[in-house]
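The values are calculated or read from the model by the stated rules, or taken from the named source; none is laboratory data. Here the structure is a predicted model, which is why all the values come from computation and not from measurement. When we count neighbours, we look across all protein chains shown, and the Cβ atoms used for this are built from the backbone with ideal geometry, even at glycine.
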């Protein structure tokens, strides 16, 4: 069974342009400060899935990201659900849509989320809270959480600090505590390792049966030792693999994981089994993605 990436940003030329090249805060931090400009290339779905085949990646979860500019009080990235749905339609066994949430859309946004799940086949929701200036346990988010609980889909959060010029405290992992207590049936995935509050996120994942960690946003060679120990011991089934592609490329992430000397069953859980259980995925046929079906 191939690996499942629970956070892979829209990879098409249009998606890369919108999220990274035209998004000045993201481009400055990730392109300039972190020296990742070379990664910011777009690919068609055919090209991208062919590379997934080469690397043994079974599925990628692609968020229709809703990200606001905090200082400018406007949207920085605002992907239309329909655009991500087009990617999903091309490779429904390989590309998974996540519905980004704009809390200020209120009940209209809740209805859009439901449409994305029921009509487009999206398998989860996605929260990037920082630019909205709202902590993830703020009341404005709860109607969306309630709908996700009703639809039985997980929510992927960016928790930890915000790389952009936004208030990081909105994503402190301890805030998942309130959500998990109120919605015990709702699966909550704290992304980006929770850094710099890694132990805080580990504590939430250990405490709550419905809280998980996505080891996205940081290359495995930089993962906190406490996180590696957790996923390789009592945290089996609680940590999911993610990249935040193209910030981290699949090839470099997978090669670095090989150097962590994880127990085989724990590595299998990290790369595949935990995500398959949380998202209720069925494994794709081995050669399903060789190309689109020819008429």
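Taken over the stretch 233-261, the criterion of being farther than 17 Å from residue 212 by Cβ and surrounded by 17 or more Cβ atoms within 10 Å (Cβ to Cβ) is satisfied by 245, 246, 247, 248, 249, 250, 253, 254, 257.
Determine if the stretch 21-32 includes at least one residue that is at pLDDT below 80, buried (at least 17 other Cβ atoms within 10 Å of the Cβ) and over 17 Å from residue 128 (Cβ atoms). Yes, that holds for at least one residue. Only residues that are in contact (Cβ under 8 Å) with a residue 40 or more places away in the chain, in contact with a strand residue (DSSP E or B) (Cβ under 8 Å, 6 or more places away or on another chain) and over 17 Å from residue 124 (Cβ atoms) were counted in the stretch 176-208, giving 1. On the stretch given as the stretch 237-268, residues that are under 19 Å from the mean Cα position of the chain (by Cα) and assigned to a loop (DSSP other than H, G, I, E, B) total 9.
Yes/no matrix, rows are residues, columns are (1) closer than 13 Å to residue 210 by Cβ; (2) in contact with a helix residue (DSSP H, G or I) (Cβ under 8 Å, 6 or more places away or on another chain); (3) surrounded by fewer than 17 Cβ atoms within 10 Å (Cβ to Cβ):
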site	(1), (2), (3)
138	no, yes, yes
169	no, no, yes
174	no, yes, yes
179	yes, yes, no
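Anything in the stretch 166-192 that is part of a loop (DSSP other than H, G, I, E, B) and more than 17 Å from residue 235 (Cβ to Cβ)? List them, or say none. Within the stretch 166-192, 166, 167, 172, 183, 184, 185, 186 meet the criteria. Once the stretch 42-91 is narrowed to residues that are touching a residue at least 12 places away in the same chain (Cβ under 8 Å), assigned to a loop (DSSP other than H, G, I, E, B) and surrounded by fewer than 21 Cβ atoms within 10 Å (Cβ to Cβ), the residue that is farthest from the chain's Cα centre (by Cα) is 71. Taking the stretch 92-113 as the range and being touching a strand residue (DSSP E or B) at 6+ places or on another chain (Cβ under 9 Å) and over 23 Å from residue 26 (Cβ atoms) as the test, the residues that pass are 93, 94, 112, 113.
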